[in-house]
Amino acid sequence: MSGIETIGVIGAGQMGNGIAHVAALAGFNVVLTDISPTKLDEALGLIKNNMTRQLNKGTITQAQLDEAIGRIKTATETSAHGACDLVIEAASENSEVKRAIFADLCQYLKEDAIIASNTSSISITRLGASTDRPEKFVGLHFMNPVPVMKLVEIIRGLATSEETYKKAIAVVTKMGKITTNAEDFPAFIVNRILVPMINEAIYTLYEGVGSVENIDNGMKLGANHPMGPLELADFIGLDTVLSIMQVLNEGLADTKYRPCPLLVKYVEAGWLGRKTKRGFYDYRGETPVPTR
């Protein structure tokens, strides 16, 4: 047994609320924190809506829904994680932001508490070294949307102990997820393969080889992808895609990982995809419309 009963989640965005959702349904007590009270309210509303969908599909019962919601507590202060056995950071994909969070978090944690990062690309060794417990630090990369996607990548840093690794596997397995072990290299497994493909799709658009619709339809109908790469980029968030490409480019020093200038331009414009209502598609109307 992992001995973990209470899980903290830092960040109430789409990843954080998804992790809180599956953790609460799995029977863990959850402490969800964010600096924004509004985001916390929105996250709770989204969790309830998503659980209601599961209820309507018959995958959970009303009792399970009510009990899970009752297990989630919210707060705006990091000190709320003082009683947590495991804290999962799900903030933006920025190394400095994450390190600042860990510096604040460590002063409140129990001595035996584990810290995990949901980073999709940043070195677990480097992040763990910025804490007071690198041996109790591990990467848990959940896939988006968390309640739907089955995979979690588990990444050990250089100092991560075997005990921490085994506890992480036990927790994620209790959440109903399937784990895969990824070595601590830039972007791990899934994003090392996926994000350069998205970047290449953006280059294909940038160079005028095809339109937004032609590129997405080509991959959906020609490669049987459930979602086109540009639509997927909007779903992930173009800022996150750019961050991952920058980590790959800097970490592996290979020109094939150079972010497409068009991706950079969209991020500079604040067109980050679905979350800002504009990216490679415009989501402000009833039907998404390509922006190029």
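Read-outs: derived from the displayed coordinates by stated rules, not from any lab. None of these values were measured; they are calculated from a predicted model. Don't worry about glycine lacking a Cβ; one is built from the backbone with ideal geometry, like all the others, and counts go over all protein chains shown.
Data overview
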item	result
Diffusion coefficient, µm² s⁻¹, Stokes-Einstein with Kirkwood Rh over alpha-carbon pairs of the stretch 1-148 at 37 °C and 0.692 mPa s	214
Antiparallel DSSP beta bridges within the chain, percent to nearest 5	25
Extended-chain gain in nm, criterion 0.36 nm per residue less alpha-carbon gap, Ile69 and Glu213	47.9 nm
Footprinting exposure proxy for Glu231, Glu77, Glu111, Glu213 (fewest neighbouring C-beta atoms within 10 Å first)	Glu111, Glu77, Glu213, Glu231
Using alpha-carbon coordinates, inclination of helix 212-222 to the longest axis of the chain, degrees	70
Extended-chain gain in nm, criterion 0.36 nm per residue less alpha-carbon gap, Lys166 and Phe235	21.7 nm
Value of [θ]222 nm, deg cm²/dmol, for the chain, DSSP H segments ≥ 4, -39500 (n - 2.57) each, nearest 500	-14000 deg cm²/dmol
Contact order relative to length of the stretch 122-240, as percent, for alpha carbon pairs under 8 angstrom and 6 or more apart	18
Separation of the Asn224 and Lys57 label points, Cα + 7 Å toward Cβ, nm	2.1
Ellipsoid semi-axes in whole angstrom, largest first, where each is sqrt(5λ) of the Cα gyration tensor of the stretch 190-282	19, 16, 12
Residue order, fewest to most beta carbons within 10 Å, for Leu109, Leu221, Leu194	Leu221, Leu194, Leu109
The chain, relative contact order in percent, only Cα pairs under 8 angstrom and at least six apart counted	14
By average C-beta atoms within 10 angstrom, highest first, the peptides 181-187, 24-30	24-30, 181-187
Residues Val87, Val9, Val148, Val190, sorted so that the one with the fewest Cβ neighbours within 10 Å comes first	Val148, Val190, Val87, Val9
Compactness index (Cα Rg / 2.2 N^0.38 Å), the stretch 198-248	1.11
Extension gain, Ser95 back to Asn49 (0.36 nm per residue minus Cα-Cα distance, nm)	13.4 nm
Mean separation of Cα contacts under 8 Å (6+ apart) over length of the stretch 1-123, as relative contact order %	31
Label zone at Cys106 (point 7 Å along Cα-to-Cβ), backbone N below 12 Å, the stretch 229-252	none
